[in-house]
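Following: one structure in structure tokens, then a few remarks.
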Amino acid sequence: MLTLIAHHLGMLVALWSVLILTGVNLVVQVIKGLTGRGSWQEMANAATHPLLYHILPLILLAGLTTLDPTHFLILIWYYLAALLIIVVDLLNLSQYIKR
């Protein structure tokens, strides 16, 4: 599945964008947690939630491209999901910075 992403530049850029923003969110939440403004539960949730609900579905969607002969519908779904994940990550990041 990851080879499909690696051979399609748009999918690779979208996945890297999601991974970078997820990493930035994780670092900000860990820093906030270590300075006493957050809880351990929030830090654990920050580490596991994006992997299960953001990154894994994108990888599964990439695997579904083999089922669609045109790859058109799955690619639209993949890019839309990646865009929405990026927006959610940016909103979460802005909320953590405001606190």
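What the table shows:
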item	result
Residue selected from the stretch 1-28 under the condition modelled with pLDDT of 85 or more and of a type in the set (S, T, N, Q), by the criterion farthest from Leu80 (Cα to Cα)	Asn25
Any chance Leu56 is part of a helix (DSSP H, G or I), surrounded by 12 or more Cβ atoms within 10 Å (Cβ to Cβ) and modelled with pLDDT of 85 or more	no
Residue selected from the stretch 25-41 under the condition exposed (fewer than 15 other Cβ atoms within 10 Å of the Cβ) and assigned to a helix (DSSP H, G or I), by the criterion farthest from the chain's Cα centre (by Cα)	Leu34
Enumeration of residues in the stretch 56-82 that are in contact (Cβ under 8 Å) with a residue 40 or more places away in the chain and of a type outside the set (S, T, N, Q)	Leu58, Ile59, Leu60, Ala62, Gly63, Leu75, Tyr78, Tyr79, Ala82
Of residues in the stretch 59-99 being in a helix (DSSP H, G or I) and hydroxyl-bearing (Ser, Thr, Tyr), the one surrounded by the most Cβ atoms within 10 Å (Cβ to Cβ)	Tyr78
Residues located in the stretch 63-93, provided they are at pLDDT 90 or above and small (Gly, Ala, Ser)	Ala81, Ala82
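The values are calculated or read from the model by the stated rules, or taken from the named source; none is laboratory data. None of the values given here were measured: they were computed from a predicted structure. Every residue, glycine as well, gets a Cβ built from its backbone with ideal geometry; the counts of neighbours run over all protein chains shown.
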